[in-house]
Amino acid sequence: MGKTLFEKIWESHIVVVEKQNNPSLIYIDRHLVHEVTSPQAFEGLRMNNRKVRRPDLTIATMDHNVPTTDRSLPILDQTSSSSVQIKTLEKNCKDFGIKLFDINSPNQGIVHVIGPQLGITLPGSTIVCGDSHTSTHGAFGALALGIGTSDVEHVLASQTMWLEKPKPFEIRVEGKRKNPHAVTAKDIILSIIKNIGTGGGTGTVIEYRGEGIADLSMEQRMTICNMSIEAGARAGLIAPDEKTFDYLRDREYTPKNYESLVDSWRDDLKTDSDAKFEKEFTLHIDDIAPQVSWGTNPGMTCNVTDSIPSPGEFSNGDENQKRGAEKALEYMALEPGTLVEDIKIDRVFIGSCTNARLEDLIEASKVIRGQKISSHVQAMVVPGSQMVKKQAEEMGLDKIFIDANFEWREAGCSMCLGMNPDILSPGERCASTSNRNFEGRQGAGGQTHLVSPVMAAAAAIHGHFVDVRKMDLS
Amino acid sequence: MDSFKKITSIVTPLDKVNVDTDQIVPKQFLKLVQKSGFGKFLFFNWRYDEQENEKSDFVLNDTKYKNSQILVAGDNFGCGSSREHAVWALLDYGFAVIIAPSFADIFFSNCFKNGVLPIALEQKIVEKLLQETGAIEVDLENQIIKTPSGDISFEIDSYQKKVLLEGLDDISITFQYEDKILDFEKQSKIPSVL
């Protein structure tokens, strides 16, 4: 019987063979490190007199809690815990010989944006990071896993980790979007999560396949794979094609023998036609609408043209889901039956490892160009990396956003998780291009609606959600 | 890591589905550089109001559960972020066992690395446990939960069971395979980053 792409990558990375019901020891090709989930791991190494086995396969940056305001100024409070974490990472990287893109580096940015941008992410490789959105790198045909701090320590010490083999899950995306500027990769992945649920992918590695995936650019594919974790999956991946190989060619850290690697990837990195998946789901995208989340997990999502569902409609008879939806509506201060387009917003956040790449900013700028944001809205753009920021500025995108009264910030995770000063105040409602609408995620009491960059941009202009299919975005 | 002993305690019922790690420990508390001291932040936004007074309607603030070591919750417990701080907070607060119909993968794996036992049981059984007011005993060795209304058996991966019972450090286990790691590295085609 044939094998899936995931199984091929898995098998080529086994160090100690799986025994029945036991995890296997898997080799890790790339380890990305950031300031929030690594301090305790380095501390563990020190306590046990261990070193980093392969500093040459390890790269660090600071993204989660860095300020996104003027970097020429010092962090306001040098004794603050954010500042301590940043200094701790600097010291750990120095002590253990790890390459660090620090706050002043032109390569600094969200780990999942800089990995591909620098050519560190490679097809067929295994990649880990102490961050659940590591699944992003799966867009390049890598097996990319988010891990906890104990595993960060384990990988630092041994370049391997113990893992039970997940099950392969095929998600086919079929058809063509009528308006690909208005209906985006974000709308595809939100539609998938809406259908399979936030636990729908638990215990699996999703392979996204079909015409609807092949049509996407690399940056759009990253948006899809990024949110695999929001469906509960261990990872999500897409078989590499010429778009993949082109994207990684001639980057700063692209391997010297890249073309010979590409030759082998072309032959090896695909699912065999007779391979079997343990689970399957198909989404037809010909007629899907822009999506807006209304609740407190990404599965609680509807079309922009819908009205807010009642807990009964949402739960389909499941009592637990119904209570979850009641709680969510109470937290979000929304009434069932309200049209999504009538929901007024206070804040707009364009950023995060889901949607802060150059293409996202280009698409959003088309909505903004020559307009001003609504007088009651405060809006910000936080590019995913310093490199994205620079490229956008070379194209003049910063001016378009600034002229429209957006704030144009430095790179980082920012208001996606609000570990730095960029947070919502209680009761503020935000159209956000990020990945999680959990209670308090963007600030205690803040209300998050997940949308695409064009939907967020349009909401900023109008002060409420609008169906971007009605706009000219070409 | 300490070895896992039999636990006897009343259960703390947290009757919610999709409890995410942002709720277990909100992000403003992820800035410590050590593993201890996260218990006071556990379920912070559910436990405290804006003035940081205890909310009387939240289960952890009910004094009868003060010394409980077993948390029972709804489906998909621990979803969201990979932050191990969630497990550190549960452990530091005093929970050694989490029971739910299902767990998110990364959270589930993080539990074992810290000596916390996550047990997945059928929805119906979990619903009964949510109502259980007497003490129950969790016996990992025999994979049995003893309750006033009868015994419940549970499944666990044999490797994870051994790790918990013996309090093993999995990095030391891995170092026993040094030869195999070296062999793998010799044939690996993926080049260094630098």
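The values are calculated or read from the model by the stated rules, or taken from the named source; none is laboratory data. Computed from a predicted model, the values in this text were never measured in an experiment. All Cβ positions, glycine included, derive from the backbone under ideal geometry; neighbour counts span all protein chains shown.
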Being away from chain B (no Cβ under 12 Å) and modelled with pLDDT under 95 narrows it down to one of A:Asn303, A:Asn316, so name that one. A:Asn316
Inspect all residues belonging to the stretch B:22-37 and state whether any of them is exposed (fewer than 12 other Cβ atoms within 10 Å of the Cβ), within 11 Å of another protein chain (Cβ to nearest Cβ) and either farther than 29 Å from A:Ala231 by Cβ or not polar (S, T, N, Q) (or both). yes
Please note which strands (runs of 3 or more DSSP E) are completely contained in the stretch B:24-141 and include at least 1 residues that are under 12 Å from the mean Cα position of the chain (by Cα). B:70-73, B:97-100, B:117-120
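Take the conditions without any contact (Cβ under 8 Å) to a residue 12 or more places away in the chain and more than 14 Å from chain A (Cβ to nearest Cβ) and apply them to B:Lys146. Does it pass? It would help to see each step written out before you state the result.
Working: without any contact (Cβ under 8 Å) to a residue 12 or more places away in the chain: yes; more than 14 Å from chain A (Cβ to nearest Cβ): yes.
Considered against the rule, which asks whether it is without any contact (Cβ under 8 Å) to a residue 12 or more places away in the chain and more than 14 Å from chain A (Cβ to nearest Cβ), B:Lys146 comes out as yes.
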For the subset of the stretch A:359-386 comprising residues that are surrounded by 21 or more Cβ atoms within 10 Å (Cβ to Cβ), under 25 Å from A:Ile103 (Cβ atoms) and not charged (D, E, K, R), which member is nearest to the chain's Cα centre (by Cα)? A:Gly384
Please specify each residue of the stretch A:46-63 satisfying the condition of being in contact with a Phe, Trp or Tyr (Cβ under 8 Å, 6 or more places away or on another chain) and either within 9 Å of chain B (Cβ to nearest Cβ) or on the phi > 0 side of the Ramachandran plot (or both). A:Pro55, A:Ile59
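Residue by residue through the stretch B:1-35, note down the ones that are of a type in the set (Val, Ile, Thr) and in contact (Cβ under 8 Å) with a residue 24 or more places away in the chain.
Residues of the stretch B:1-35 that are of a type in the set (Val, Ile, Thr), as a first pass: B:7-8, B:10-12, B:17, B:19, B:21, B:24-25, B:33.
Correct list: B:Ile7, B:Thr8, B:Ile10, B:Val11, B:Thr12, B:Val17, B:Val19, B:Thr21, B:Ile24, B:Val25.
Matching residues to (1) at positive phi; (2) among the hydrophobic types (A, V, I, L, M, F, W, C); (3) more than 11 Å from chain B (Cβ to nearest Cβ); (4) surrounded by fewer than 21 Cβ atoms within 10 Å (Cβ to Cβ):
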position	(1), (2), (3), (4)
A:Leu5	no, yes, yes, no
A:Glu11	no, no, yes, yes
A:Ile14	no, yes, no, yes
A:Glu18	no, no, no, yes
A:Ser24	no, no, no, yes
A:Tyr27	no, no, no, no
A:His34	no, no, yes, no
A:Pro39	no, no, no, no
A:Glu43	no, no, no, yes
Over the stretch A:213-243, the set of residues farther than 20 Å from A:Asn435 by Cβ and either among the basic types (Lys, Arg) or surrounded by 24 or more Cβ atoms within 10 Å (Cβ to Cβ) (or both) is A:Pro240, A:Lys243
Given the structure, is B:Glu84 more than 19 Å from A:Gly443 (Cβ to Cβ) and crowded, with 16+ Cβ neighbours inside 10 Å? yes
With respect to A:Gln442, determine if the residue is surrounded by fewer than 17 Cβ atoms within 10 Å (Cβ to Cβ), touching a helix residue (DSSP H, G or I) at 6+ places or on another chain (Cβ under 6 Å) and closer than 26 Å to A:Asn303 by Cβ. no
Exactly one condition in (1) among the polar types (S, T, N, Q); (2) surrounded by 24 or more Cβ atoms within 10 Å (Cβ to Cβ); (3) within 9 Å of chain B (Cβ to nearest Cβ) is false for A:Thr88; which is it? (2)
Hey, can you tell me all the residues within the stretch A:201-252 that are within 12 Å of another protein chain (Cβ to nearest Cβ), of a type in the set (D, E, K, R) and in a loop (DSSP other than H, G, I, E, B)? A:Arg234, A:Arg251, A:Glu252
Is one or more of the residues making up the stretch A:381-397 assigned to a helix (DSSP H, G or I) and closer than 17 Å to B:Pro26 by Cβ? no
Would the stretch A:367-378 turn up any residue that is more than 14 Å from chain B (Cβ to nearest Cβ), under 18 Å from A:Cys416 (Cα atoms) and free of Cβ contacts under 8 Å to residues at least 40 places away in the same chain? yes
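Tally the residues that are among the small types (Gly, Ala, Ser), assigned to a helix (DSSP H, G or I) and either within 14 Å of chain B (Cβ to nearest Cβ) or surrounded by fewer than 20 Cβ atoms within 10 Å (Cβ to Cβ) (or both), restricting the search to the stretch A:156-190. Reasoning before the result, please.
Applying the first criterion (among the small types (Gly, Ala, Ser)) to the stretch A:156-190 yields A:157-158, A:175, A:182, A:185.
If we keep only those that are assigned to a helix (DSSP H, G or I) as well, we get A:157-158, A:185.
This time we only want the ones that are either within 14 Å of chain B (Cβ to nearest Cβ) or surrounded by fewer than 20 Cβ atoms within 10 Å (Cβ to Cβ) (or both), so: A:157-158.
Count: 2.
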